[in-house]
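Undergrad: First the structure, which I've put down as structure tokens, then a few questions once you've had a look.
Readers should treat all values here as calculations from the given coordinates under stated rules, not as data from a laboratory. Just so you know, these numbers come straight off a predicted model, no measurement behind them. Note that each Cβ is placed from the backbone with ideal geometry, even for glycine, and that neighbours are counted across all protein chains shown.
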Amino acid sequence: MTTPLGKFIRHLPKAELHLHIEGTLEPELLFAIAARNKIPLTYPSITALRDAYQFNDLQDFLDIYYRGASVLLTEEDFYDLALAYFTKAHEENIRHAEIFFDPQTHTVRGVPFETVIAGLHRAQVAAEKEWGITSKLIMCFLRHLDEADALRTLDMALPYKKWIAGIGLDSGEQGNPPSKFQAVYKRAAKEGFFLVAHAGEEGPAEYVTEALDLLNVKRIDHGNHALDDAALVMRLRTQQIPLTVCPLSNLKLRVIADLREHPLRKMIDAGLLITVNSDDPAYFGGYLSENYCAIAEGLDLSHEELRQLAINSFTASFLEEDTKKKHITEINGLSMAN
Ligand code: HPA
Ligand code: ZN
């Protein structure tokens with residue numbers, strides 16, 4: 001990140017819209033939290049754990065990711081986790097983050113919902129006060145579990161509604177289509193939550209269509225396989241439905257073989273509203289700027305295209321229109337200076 005390209009990207013004001021807070025748990029913090037919670041680990045060292053981060057597919061990753069998250073027990077743990085992310089975000093000029101959390105990953109282990117949300121919320125307040133970073137929480141349902149579990153989780157969340165902006169859908173995609181979660185999305189919509197869902201990461205274009213038609217989502221997380229359906233591409237373009245694309249995640253989970261083959265170039269050329277994001281940076285080898293850098297190098301993106309991606313990150317956010325405009329105006333100002 002010390003190259004001219006790296007510096008350019010680091011200095012661009014950016015929003016991050018696809019980030020799992022549990023996926024920011026670095027091995028160092030994981031070991032520290034496990035030690036203070038007296039949880040034994042199967043890995044003998046931080047290095048051995050990091051070396052285990054080689055994945056053949058999404059499920060391979062999820063197995064390690066859920067095991068990693070199992071060290072998180074107290075409000076302090078969730079606060080430390082989120083504050084570590086915000087510290088990174090500040091270093092790379094992320095001005096706004098829309099952050100996923102997976103309540104079921106914790107409540108199933110007996111960690112109260114309130115413990116999770118209280119720690120995350122306290123870190124959000126601290127980051128805004130210290131660095132002016134704004135953020136919103138998006139509560140994801142685990143799609144490998146049944147809808148009844150998601151509905152119970154939504155009930156648990158309602159007392160903390162003022163701290164949760166939206167709902168999402170994550171975990172193993174194949175065989176767990178959006179259609180499985182229509183009732184919970186309907187209820188969440190009635191409660192006024194923003195709606196997003198992971199779709200088309202490993203799953204087919206039909207899952208993207210289902211997320212739009214049956215869940216009424218306003219943004220698609222990943223969406224790579226949307227390109228397999230020309231009519232769907234046309235719809236995404238016409239309605240400017242944002243895709244939150246995660247280049248290093250796609251590489252590490254073998255959704256693509258090489259960044260030079262990443263569909264982001266085709267997505268931009270098709271006129272889609274594309275954003276770049278880090279997904280689970282502690283596991284995939286790079287935070288947001290590193291994702292911009294990797295895709296810029298892989299696809300030979302110009303500074304103008306990178307600026308447009310940063311602008312898109314605000315356009316596609318759930319910020320108020322005037323706040324979006326303020327950030328975009330700042331980027332446009334930079335565009336003249338550079
Ligand atoms: N896909 C699905 N579920 C997830 C991911 C992802 O990339 N990261 C964390 N949970
Ligand atoms: Zn994700």
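Undergrad: Filter segment 1-51 for residues that are among the hydroxyl-bearing types (Ser, Thr, Tyr) and outside any loop (DSSP other than H, G, I, E, B); which is farthest from the chain's Cα centre (by Cα)?
TA: Thr47
Undergrad: For the structure I just gave you, tell me whether Ile64 is in contact (Cβ under 8 Å) with a residue 24 or more places away in the chain, assigned to a helix (DSSP H, G or I) and surrounded by 15 or more Cβ atoms within 10 Å (Cβ to Cβ). Walk me through it before giving the result.
TA: Details: in contact (Cβ under 8 Å) with a residue 24 or more places away in the chain: yes; assigned to a helix (DSSP H, G or I): yes; surrounded by 15 or more Cβ atoms within 10 Å (Cβ to Cβ): yes.
When the stated conditions are applied, Ile64 passes them.
Undergrad: Right, another one. Could you list all residues from segment 280-338 that are among the charged types (D, E, K, R) and either closer than 30 Å to Leu29 by Cα or in contact (Cβ under 8 Å) with a residue 60 or more places away in the chain (or both)?
TA: Within segment 280-338, Asp280, Glu290, Glu297, Arg307, Glu330 qualify.
Undergrad: Mind listing whichever residues of segment 159-180 are without any contact (Cβ under 8 Å) to a residue 60 or more places away in the chain and more than 16 Å from ligand 2 (Cβ to nearest atom)?
TA: Within segment 159-180, Pro159, Tyr160, Lys161, Lys162, Trp163, Ile164, Gly175, Pro177, Ser179, Lys180 meet the criteria.
Residues checked against (1) more than 16 Å from the chain's Cα centre (by Cα); (2) of a type in the set (Asp, Glu); (3) more than 15 Å from ligand 1 (Cβ to nearest atom):
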site	(1), (2), (3)
Gly200	no, no, no
Ala205	yes, no, yes
Glu210	yes, yes, yes
Leu214	yes, no, yes
Asp228	yes, yes, yes
Met234	yes, no, yes
Pro247	no, no, no
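Undergrad: Let me ask you something else. Identify the single condition in (1) away from ligand 2 (no atom under 16 Å from the Cβ); (2) out of contact with any strand residue (DSSP E or B) (no Cβ under 9 Å at 6 or more places or on another chain) that Ile133 does not satisfy, given that it satisfies every other one.
TA: Of the numbered conditions (1) away from ligand 2 (no atom under 16 Å from the Cβ); (2) out of contact with any strand residue (DSSP E or B) (no Cβ under 9 Å at 6 or more places or on another chain), the odd one out for Ile133 is (2).
Undergrad: Hey, can you tell me all the residues within segment 192-218 that are more than 16 Å from ligand 2 (Cβ to nearest atom), in contact with an Asp or Glu (Cβ under 8 Å, 6 or more places away or on another chain) and not in a helix (DSSP H, G or I)?
TA: Pro204
Undergrad: Specify the residue that is surrounded by the fewest Cβ atoms within 10 Å (Cβ to Cβ); the eligible residues are those in segment 68-126 that are within 16 Å of ligand 2 (Cβ to nearest atom) and of a type in the set (Asp, Glu). I'd like the intermediate steps shown before the answer.
TA: We begin by selecting, within segment 68-126, every residue within 16 Å of ligand 2 (Cβ to nearest atom); these are 68-69, 85, 97-105.
The next check asks that each one be of a type in the set (Asp, Glu); those that pass are 98, 102.
On the way: Glu98: 27, Asp102: 24.
Among those that are within 16 Å of ligand 2 (Cβ to nearest atom) and of a type in the set (Asp, Glu), it is Asp102.
Undergrad: What about Ala189, is it away from ligand 2 (no atom under 16 Å from the Cβ), free of Cβ contacts under 8 Å to residues at least 12 places away in the same chain and part of a helix (DSSP H, G or I)?
TA: no
Undergrad: Give the residues of segment 142-158 that are of a type in the set (A, V, I, L, M, F, W, C) and touching a residue at least 24 places away in the same chain (Cβ under 8 Å), sorted by residue number.
TA: Let us first name the residues in segment 142-158 that are of a type in the set (A, V, I, L, M, F, W, C), namely 142, 145, 148, 150-151, 154, 156-158.
Of everything in segment 142-158, those that are of a type in the set (A, V, I, L, M, F, W, C) and touching a residue at least 24 places away in the same chain (Cβ under 8 Å) turn out to be Leu142, Leu145, Ala150, Leu151, Leu154, Met156, Ala157, Leu158.
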